[in-house]
Number of protein chains: 2
Amino acid sequence: LNAEAMVEAQKHVDNLTKPLGALGRLEETLVRLAGITGKVVPSIDRKAVVVFCGDHGVTEEGVSAYPPEVTGLMIRNFCDGKAAVNAFARRFGAEVRVVDVGSRLTELPAGTLDRKVRAGTANMAKGPAMRREEAVQAIRVGLELALETKEKGFQLVAVGEMGIGNTTAATAVSASLTGTPIEELVGRGTGINDVSLKMKGEVIRHSLDVNRPDPSDPVDVLTKVGGLELAAMTGFILGAAAERLPMVIDGVISTASALAAIRLAPGSRDYLFASHLSEEPAHRVLLEKLGLHPLIHAGMRLGEGSGAVLCFPLFDGAVAAAREMATFADLGL
Amino acid sequence: LNAEAMVEAQKHVDNLTKPLGALGRLEETLVRLAGITGKVVPSIDRKAVVVFCGDHGVTEEGVSAYPPEVTGLMIRNFCDGKAAVNAFARRFGAEVRVVDVGSRLTELPAGTLDRKVRAGTANMAKGPAMRREEAVQAIRVGLELALETKEKGFQLVAVGEMGIGNTTAATAVSASLTGTPIEELVGRGTGINDVSLKMKGEVIRHSLDVNRPDPSDPVDVLTKVGGLELAAMTGFILGAAAERLPMVIDGVISTASALAAIRLAPGSRDYLFASHLSEEPAHRVLLEKLGLHPLIHAGMRLGEGSGAVLCFPLFDGAVAAAREMATFADLGL
């Protein structure tokens, strides 16, 4: 981060016509954006949300309220511009990029970026979700997309995902990386009932027992109990940080990928912003580990990057304040 | 509220391509907006923020980090379009209306609505802040402005304020109306130090002892330990509810006014939406009493309606989702 720009940005924010610190986390956001971009008042007009999609073999254990085919249907829906993330992105001036890194779809709808590593993971309750080379390949997909996103001129990017079964994978990754008991992490995902919730916890426990991922090796964790879209998001976060591109993470799945990224390269945390606090219990635990504070508390649990895109206007508001407010000196004080 | 429209709105939201309830409080917002407007997908394009301004005699006790003259300077700043609320309002498509209901300014800048009831309150540490007739007159100012705002065609309105010293008044009102101990409510306002914070608590305690407001009579509370802008906001909230105009409240001061309004007319709560959770400890207590859940947690403590306007795009996002998302039937599910 550019320390000089951060000092200048803090000075600028402190001179604006408001009590010191009165814009709270918006001020922290501005100062960190200055550190990333090197500009006291950054330009974040060009925004994108990248939605990484993948299927999960663990769905055969009955961990989701929806059948796995919904992953493919939603990929189509994103391309048709008809999902929540599309509505938010249109409203808030962001482009939606849909990346198939591991769905079971054989024919991709126009508009999907085809970066498929394999057609869904294996059932992690029976063995590793994928091979290590596949996880590495998915990470590379993310890295390359980050570079591409930067080259296209985007200035602020949201990270999202779609994959029926992926809260199960994300929770397993979270349990492994943080050492938190599964019962404190497991949530209802798309909306399962009490019986399924209990079973989901057992599937996660069993998957960790069967695979014994090494918590000190995030790639091993992503390989054994993760997912293709999770690994790709980890790569994307690493790549965007390397490209000095500020990123907004979404719910529990992208945040699990972010923790894996930060374990691989702690410095990438500087480029990450939390957006919302989801209903999934693991999300709060992950955000605490990352030391990030979500601006929106709306009890959402949708994924797709929807919460991250919903946060874009708050960033725009902060930048508008930094650009347009008078200083106390202007008022003669 | 229109119960039929709410049922229809819930049905519509449940059919959209997302897990049931996955948009969390955005869904509750949509359903309540349907109840208010009678429309399954409401139109909220025309937005305004009404900023009520007043001065406080209690500033002579040294309860604020800023001199009372800042109230007048900020009124000018609002009219010049140079405060945080202006920057947010421009970005998010809202009109700013500045209402002087009780500042000490003798000449008002062009653009201010002159509805002055008196030039600042008296020092509540020495006696009542105003006379009951004055509080009633300020409430009437708010009622009339609500009617005017509705007649101008605004569809969603934020309530804000400016008045050096008014967290002291709002905290006294909160202590009286909720019966919560002062030490659990008092905060740093514009940013006072520990010594001043302790003294501010004592000034509030003393003001309540001297004036003994009747908690069962909100007008008495506003008269004795409130403020002109607080009373006007109470009137505005009552008036907007009567006009079926959805309102977004801001920080601790507008929320104290809202609690007074709800005590006078419990039904007005249906038209109120929380926006953000401020740093002032009393804010959380007041929101709990109102049963409202703020969408933004940014540690802001600025007032002006800034947090409420910052919430406007989240409402717009919710409406965009309701209007533009496909249903599962569209996907063939």
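If you filter the stretch A:120-142 down to residues that are among the charged types (D, E, K, R) and in a loop (DSSP other than H, G, I, E, B), you find that the one that is most open to solvent (accessible area, probe 1.4 Å) is A:K126. Of the candidates B:S254, B:S306, the single residue that is modelled with pLDDT of 95 or more, open to solvent by less than 10 Å² (accessible area, probe 1.4 Å), within 12 Å of chain A (Cβ to nearest Cβ) and within 14 Å of the chain's Cα centre (by Cα) is B:S306. Counting only helices (runs of 4 or more DSSP H) that sit wholly inside the stretch A:189-271, those with at least 1 residues that are free of Cβ contacts under 8 Å to residues at least 40 places away in the same chain and either of a type in the set (D, E, K, R) or touching a Cys at 6+ places or on another chain (Cβ under 9 Å) (or both) are A:194-211. Going residue by residue through the stretch A:190-203, is there one that turns out to be within 18 Å of the chain's Cα centre (by Cα) and at pLDDT 95 or above? No, that holds for no residue. Return the residues of the stretch B:143-161 that are under 25 Å from B:T223 (Cβ atoms), not aliphatic (A, V, I, L, M) and not in a helix (DSSP H, G or I); say none if nothing qualifies. B:G160, B:E161 - these are the residues of the stretch B:143-161 that are under 25 Å from B:T223 (Cβ atoms), not aliphatic (A, V, I, L, M) and not in a helix (DSSP H, G or I). Looking across the stretch A:304-333 at every residue that is out of contact with any Ser or Thr (no Cβ under 8 Å at 6 or more places or on another chain) and not in a helix (DSSP H, G or I), the one that is farthest from A:K39 (Cα to Cα) is identified as A:E304.
In this structure, is B:L295 of a type outside the set (S, T, Y) and either surrounded by fewer than 24 Cβ atoms within 10 Å (Cβ to Cβ) or within 14 Å of chain A (Cβ to nearest Cβ) (or both)? So B:L295 fits the description; yes.
Of the set (1) facing another protein chain (nearest Cβ under 8 Å); (2) free of Cβ contacts under 8 Å to residues at least 24 places away in the same chain, all apply to B:R301 but (2). Do you know which residues across the stretch B:259-315 are within 24 Å of B:D217 (Cα to Cα) and among the basic types (K, R)? Matches in the stretch B:259-315: B:R263, B:R269, B:R284, B:K289.
Just to be sure before I move on: is A:L245 open to solvent by less than 10 Å² (accessible area, probe 1.4 Å), more than 9 Å from chain B (Cβ to nearest Cβ) and over 12 Å from the mean Cα position of the chain (by Cα) in the structure I sent? Considered against the rule, which asks whether it is open to solvent by less than 10 Å² (accessible area, probe 1.4 Å), more than 9 Å from chain B (Cβ to nearest Cβ) and over 12 Å from the mean Cα position of the chain (by Cα), A:L245 comes out as yes. For beta carbons closer than 6 Å, sequence separation of 6+ or different chains, a first residue in the stretch B:118-145 that is at positive phi and a second that is open to solvent by 50 Å² or more (accessible area, probe 1.4 Å), the qualifying pairs are B:G120/B:R104. None of B:L230, B:L197 is within 21 Å of A:A22 (Cβ to Cβ) and out of contact with any helix residue (DSSP H, G or I) (no Cβ under 9 Å at 6 or more places or on another chain) except B:L197.
Of everything listed in (1) crowded, with 24+ Cβ neighbours inside 10 Å; (2) within 14 Å of chain B (Cβ to nearest Cβ); (3) in contact (Cβ under 8 Å) with a residue 12 or more places away in the chain; (4) of a type outside the set (D, E, K, R), the single unmet condition for A:N77 is (3). Residues in the stretch A:162-188 that are of a type in the set (A, V, I, L, M) and either in a helix (DSSP H, G or I) or without any contact (Cβ under 8 Å) to a residue 24 or more places away in the chain (or both): A:A169, A:A170, A:A172, A:V173, A:A175, A:L177, A:I182.
Evaluated against (1) open to solvent by less than 60 Å² (accessible area, probe 1.4 Å); (2) within 23 Å of the chain's Cα centre (by Cα), A:L1 falls short on exactly one condition, (1). Among the conditions (1) open to solvent by 60 Å² or more (accessible area, probe 1.4 Å); (2) within 12 Å of another protein chain (Cβ to nearest Cβ); (3) more than 27 Å from A:V96 (Cα to Cα), the only one that A:G21 does not satisfy is (1). If you take the residues of the stretch B:52-66 that are at pLDDT 95 or above and open to solvent by 40 Å² or more (accessible area, probe 1.4 Å), which of them is farthest from B:D114 (Cα to Cα)? Of everything passing the filter in the stretch B:52-66, B:E61 is farthest from B:D114 (Cα to Cα).
The values are calculated or read from the model by the stated rules, or taken from the named source; none is laboratory data. Please read all numbers here as calculations on a predicted model, not as lab measurements. Cβ sites come from the backbone with ideal geometry, for glycine too, and all protein chains shown count toward neighbours. The area values use the complete protein model at the heavy-atom level, side chains included, leaving out ligands, DNA and RNA. Shrake-Rupley method; radii C 1.70, N 1.55, O 1.52, S 1.80 Å.
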